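In what follows, a structure is listed as structure tokens, so that the remarks can point back to it.
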Amino acid sequence: MTAAALCFSMSANAQKAERDYSSAHNFIGVQGGGQVTFTHYKFTDLLTPQYAVQFGRYFNDKVGARLHVMGWQNKGGFKASRFNLKNDVDYKFKAITGDLDLLMNMTNIINPNRASHAFDWVLLAGFGVNYGWDFDEYENITKSFTALNATYPQNCGTKHASYNGRFGTQLNWNVCDAFTIGLELQANYKNDMYNLKVNNNPDWQAAALLGLTYNFGYKKKAPKQVEPVYETRLDTTWYNETVYKKVTEEETLRRDIFFNIRKSSPISEQTVAEIVNFVNTHKDAKIVVTGYADKGTGTAKVNMRYSRQRAQAVTAALVKAGIDKSIITTDCKGDTVQPFAENDRNRVTITVATGKAEKDKPETVRKFRTNEVRVRVN
């Protein structure tokens, strides 16, 4: 629960760092549990609490080492049937064990490419020293019973050191990158003098410890190098373009030449030039020259003559300017037709030229272009 709370607090206040689980790292931890010594005495009466601290380092994801210090209280006992005692007797003493252990992460050894690092199975083996003290209960018991005093004389004092061999296993749950909750099971091979009882046989001691370990010093996980993959994409761009198409169109030019009363001259040279230019720039040109006279003066016969003279005068000016007479139609209306509402403006010739001209007509065309683009796809 403590590890889970710590992990939750860390993840809530800081972005989780990417760890390289294959790199070396350090660890420190605390453990608590119990142990039992297997002798001729009832082992259920020899259960004692144990506390431990550990400091170590994993050199890679498979092999590590640690210094493990464990101890608190131990027990020994004498069975009544072996020593002619009235009752079984046991005693307590203090002891501490310091071991240098080799650690082997079997999960990574068996499956080095595993994706999940939530669980680890570790085997351990090591060697160290036991140190015991506070054997007052032992001394009092052996002094009280003659049989015990004869077998176990008090020549060891109240302190004693002996060797310790160990092998065991760990089942570790990595609740986050930094913290691990683990169950450790040990078998410890003790010197015969471990509990001051000498029977020419080594003592075995089993321990079960539940612990919390803090892991630190990981390298940051190197970013995965991804080989870039590219592909060629064809992009299409649509656009509008204005094009010009040659077309032939029928066009009309009208020019009016006004005269004074009873006159058929002068003829405007500018007007004649405009009509000539139209004929020269248009195919199949035709010209109709129509003469008029005002109805407000003269007679119908006189007015017809004036309108004819006016039409003929304009035609003659056009021919003189270079227009083929065959394309000109000359007509006169006298005063039978009045093109204008104002009387005096009807003393006029109206020249209408028609013809076909080639022109560049704009058209909008929808077009597209394609471009090859190299893009990365990963």
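Structural remarks
- Spans of helices (runs of 4 or more DSSP H) in region 1-118 with at least 2 residues surrounded by fewer than 19 Cβ atoms within 10 Å (Cβ to Cβ) and at pLDDT 85 or above: 106-110
- Test set (1) closer than 20 Å to VAL243 by Cα; (2) over 60 Å from the mean Cα position of the chain (by Cα) - LYS359 fails condition number: (2)
- Residue within region 138-151 that is of a type outside the set (Asp, Glu), at pLDDT below 90, touching a Lys or Arg at 6+ places or on another chain (Cβ under 7 Å) and more than 19 Å from MET104 (Cβ to Cβ) present: yes
- Scanning region 238-274 for residues that are charged (D, E, K, R) and in contact (Cβ under 8 Å) with a residue 60 or more places away in the chain yields GLU241, LYS245, LYS246, GLU249, GLU250, GLU251, ARG254, ARG255, ASP256, LYS263.
- Subset of region 340-378 [among the acidic types (Asp, Glu) and either within 30 Å of THR232 (Cβ to Cβ) or assigned to a strand (DSSP E or B) (or both)]: GLU358, ASP360, GLU363, GLU372
- Members of region 243-264 found to be open to solvent by 80 Å² or more (accessible area, probe 1.4 Å) and outside any loop (DSSP other than H, G, I, E, B), listed by number: TYR244, LYS245, LYS246, THR248, GLU250, THR252, ARG254, PHE258
- Test result for THR271, assigned to a helix (DSSP H, G or I), within 28 Å of LYS359 (Cβ to Cβ) and hydroxyl-bearing (Ser, Thr, Tyr): yes
- Only a single item in (1) open to solvent by less than 50 Å² (accessible area, probe 1.4 Å); (2) assigned to a loop (DSSP other than H, G, I, E, B); (3) under 27 Å from HIS68 (Cα atoms); (4) at pLDDT 80 or above is not met by CYS156, and it is number (4).
- When region 176-199 is filtered for residues that are modelled with pLDDT of 90 or more and surrounded by fewer than 17 Cβ atoms within 10 Å (Cβ to Cβ), the ones remaining, listed by number, are LEU183, LEU185, ALA187.
- Hits in region 274-304 (condition: buried (at least 17 other Cβ atoms within 10 Å of the Cβ) and under 20 Å from LYS333 (Cβ atoms)): ILE275, ILE287, VAL289, THR290, GLY291, TYR292, ALA293, ASP294, GLY298, ASN303, MET304
- Of the residues ARG345, ARG366, the single one that is under 60 Å from the mean Cα position of the chain (by Cα) and not acidic (Asp, Glu) is ARG366.
- The residues in region 308-339 that are on the phi < 0 side of the Ramachandran plot and in a loop (DSSP other than H, G, I, E, B) can be counted, and the count is 9.
- Residue within region 215-238 that is closer than 30 Å to GLN50 by Cβ, open to solvent by less than 40 Å² (accessible area, probe 1.4 Å) and in a strand (DSSP E or B) present: yes
- Where SER307 falls short, out of the listed (1) open to solvent by 60 Å² or more (accessible area, probe 1.4 Å); (2) among the polar types (S, T, N, Q); (3) in contact (Cβ under 8 Å) with a residue 12 or more places away in the chain: (1)
- So GLN312, is it more than 16 Å from ASN346 (Cβ to Cβ), surrounded by 14 or more Cβ atoms within 10 Å (Cβ to Cβ) and not basic (Lys, Arg): yes
- Whenever a residue of region 208-222 is more than 11 Å from GLY182 (Cβ to Cβ) and touching a residue at least 60 places away in the same chain (Cβ under 8 Å), its partners that are open to solvent by 40 Å² or more (accessible area, probe 1.4 Å) and of a type in the set (Phe, Trp, Tyr), lying with C-beta atoms within less than 9 angstrom and at least six residues away or across chains, give the pairs TYR218/TYR21; LYS221/TYR21.
The values are calculated or read from the model by the stated rules, or taken from the named source; none is laboratory data. Source: prediction; values computed, not measured. Every residue, glycine among them, receives a Cβ derived from its backbone with ideal geometry; neighbour counts consider all protein chains shown. Each accessible area value is taken on the protein alone, full model and side chains, heavy atoms only, with ligands, DNA and RNA left out. Shrake-Rupley method; radii C 1.70, N 1.55, O 1.52, S 1.80 Å.
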